[in-house]
Amino acid sequence: MSKEILINVTPQETRVAILENGVLQELYIERSRNKGLVGNVYKGRVCRVLPGMEAAFVEVGMERAAFLHVSDVMLPPSSKDISHDQKPSISQLLREGDDILVQVIKDPMGTKGARLTSHITIPSRYLVFMPNSTNVGVSARIEVEEERERLRDMLMQHEDLLGDSGYIIRTAAESANLESMRLDIIYLKKLWESISEKSKEVNAGHVVHEDLPLSLRVLRDMIDDDLEKIRVDSRETWRRMEE
């Protein structure tokens, strides 16, 4: 099978086409003016706590305050043994004026602001890093139990690097080897260190991490052994991809 990726870049949008044997299989479009915010991490400030809704509104620098439900608030370390029925209320977890690191899980729509979570997740090619968790999981798309165990064992061979953070093994990891998984772990840890440092330096209402643009997500998510070439019609984008 011959597979190639075509990337077309204009000031208005980026288009990525995936071809197999010359036939279009998938098309992705990212528009500059309507680029999604999902995955972005912000340093926010709680501006209102609503005990009746078990939610809070958080200022993150957008036109409207964003929404954070109690189910999406990370519990403090001392609360890890609390059962679901005993989970603290929103007023026990947050107060007006609190600064909090949050991630967008749903874009603003109409009159509604973005929806947030404080359970941060950062993806790489083969893994999803969860700095506030200690769990290790495998993508549900990998259904064969033997393969799930093999991938989990391969990840745990890097136990010295994992620390006390959690990871989810992505579907693409079926093609990963021990070294490539090690490099992913190192990349994610460095990226999280950078995010953590920036969150200390900026004021509330600023973005501290944005997901990669479409042209770079191609390199992270779409390359496999069947790929023969990538064609891109923007020299600036090509230079950034090469770097």
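Okay, here's what the table says:
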quantity: Every pair of residues 6+ apart whose Cβ atoms lie under 7 Å, when the first sits in region 23-50 and is under 20 Å from PRO131 (Cα atoms) and touching a residue at least 24 places away in the same chain (Cβ under 8 Å) while the second is open to solvent by 70 Å² or more (accessible area, probe 1.4 Å) and in a loop (DSSP other than H, G, I, E, B); calculated: ASN40/GLU210
quantity: Unmet requirement for GLU54, which otherwise passes all of (1) on the phi < 0 side of the Ramachandran plot; (2) modelled with pLDDT of 95 or more; (3) surrounded by 16 or more Cβ atoms within 10 Å (Cβ to Cβ); calculated: (1)
quantity: Matching residues in region 28-56 - criterion: being touching a Leu at 6+ places or on another chain (Cβ under 8 Å) and of a type in the set (D, E, K, R); calculated: GLU30, LYS43
quantity: Enumeration of residues in region 194-214 that are in contact with a Phe, Trp or Tyr (Cβ under 9 Å, 6 or more places away or on another chain) and more than 16 Å from GLN103 (Cα to Cα); calculated: LEU214
quantity: Unmet requirement for ALA55, which otherwise passes all of (1) of a type in the set (A, V, I, L, M, F, W, C); (2) more than 29 Å from VAL102 (Cα to Cα); (3) without any contact (Cβ under 8 Å) to a residue 40 or more places away in the chain; calculated: (2)
quantity: The lone exception for ARG48 - which of (1) open to solvent by less than 60 Å² (accessible area, probe 1.4 Å); (2) over 22 Å from the mean Cα position of the chain (by Cα) it fails; calculated: (1)
quantity: Within region 132-243, strands (runs of 3 or more DSSP E) holding 1 or more residues that are surrounded by fewer than 15 Cβ atoms within 10 Å (Cβ to Cβ) and among the charged types (D, E, K, R); calculated: 227-232
quantity: Sole exception among (1) buried (at least 16 other Cβ atoms within 10 Å of the Cβ); (2) closer than 15 Å to MET222 by Cβ; (3) touching a Lys or Arg at 6+ places or on another chain (Cβ under 9 Å) for GLN25, by number; calculated: (1)
quantity: Single unsatisfied condition, VAL104 versus (1) under 23 Å from HIS209 (Cα atoms); (2) at pLDDT 95 or above; (3) open to solvent by 30 Å² or more (accessible area, probe 1.4 Å); calculated: (3)
quantity: Selection count where residues are touching a Gly at 6+ places or on another chain (Cβ under 9 Å) and either loosely packed, with under 15 Cβ neighbours inside 10 Å or among the small types (Gly, Ala, Ser) (or both), scope region 57-75; calculated: 5
quantity: Test: residue in region 109-126 that is in a strand (DSSP E or B), open to solvent by 60 Å² or more (accessible area, probe 1.4 Å), in contact (Cβ under 8 Å) with a residue 12 or more places away in the chain and closer than 19 Å to LEU68 by Cα; calculated: yes
quantity: Pair list, Cβ under 8 Å, 6 or more apart: region 209-225 residue closer than 16 Å to THR14 by Cα and touching a residue at least 60 places away in the same chain (Cβ under 8 Å), other residue open to solvent by 30 Å² or more (accessible area, probe 1.4 Å) and acidic (Asp, Glu); calculated: PRO213/GLU30; LEU214/GLU30
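The values are calculated or read from the model by the stated rules, or taken from the named source; none is laboratory data. Remember, predicted model here, so these are calculated numbers, not experimental data. Cβ: placed from backbone, ideal geometry, glycine included. Neighbour counts: every protein chain shown. When the accessible area is computed, the model is the full protein with side chains, heavy atoms only, and any ligands, DNA or RNA have been set aside. Shrake-Rupley method; radii C 1.70, N 1.55, O 1.52, S 1.80 Å.
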